[in-house]
Amino acid sequence: MLNGLGQELAGELSNTLIIPLGKVAAEVVDFLVSERRLNAARCLFGFPHPSPANGQRKQIFEANRSAMQEKVGAWFSRNR
């Protein structure tokens, strides 16, 4: 599965900003970054899983909001 995901993100979706939703998705994307299959500049880490079962989602979002805003701004500045 990681081969397929890594290939898809590096291939057809190579000009996209990747937003892993939640801890597990972020771990998978972080693994692909550590394997140098993805550029970390394309990955917006820190976004919580949006499920209502995630009672900490608002706190997680607020804690990471500033860094995520900076990263999104940088992404769109580079990719105009």
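Every number here is computed from the coordinates shown, using simple stated rules; none is lab data. All figures in this text were calculated on a predicted structure; none of them were measured in a lab. Reconstructed Cβ throughout: ideal geometry from the backbone, glycine too, with neighbour counts over all protein chains shown.
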* Structure fact -> FRET efficiency for LEU13 and GLN59 from the Cβ-Cβ distance with R0 = 25 Å, rounded to 0.05, comes out at 0.25
* Using the per-residue mean of other Cβ atoms lying within 10 Å as a proxy for protection, in what order, highest first, do the peptides 39-46, 55-62 fall? -> 39-46, 55-62
* Got a sec? Which residues in segment 14-46 would a label at PHE76 touch, if it sits 7 Å along Cα→Cβ and we count backbone N under 19 Å? -> 15-20, 41-46
* Share of Cα-Cα pairs in the chain lying beyond 14 Å, as whole percent -> 63
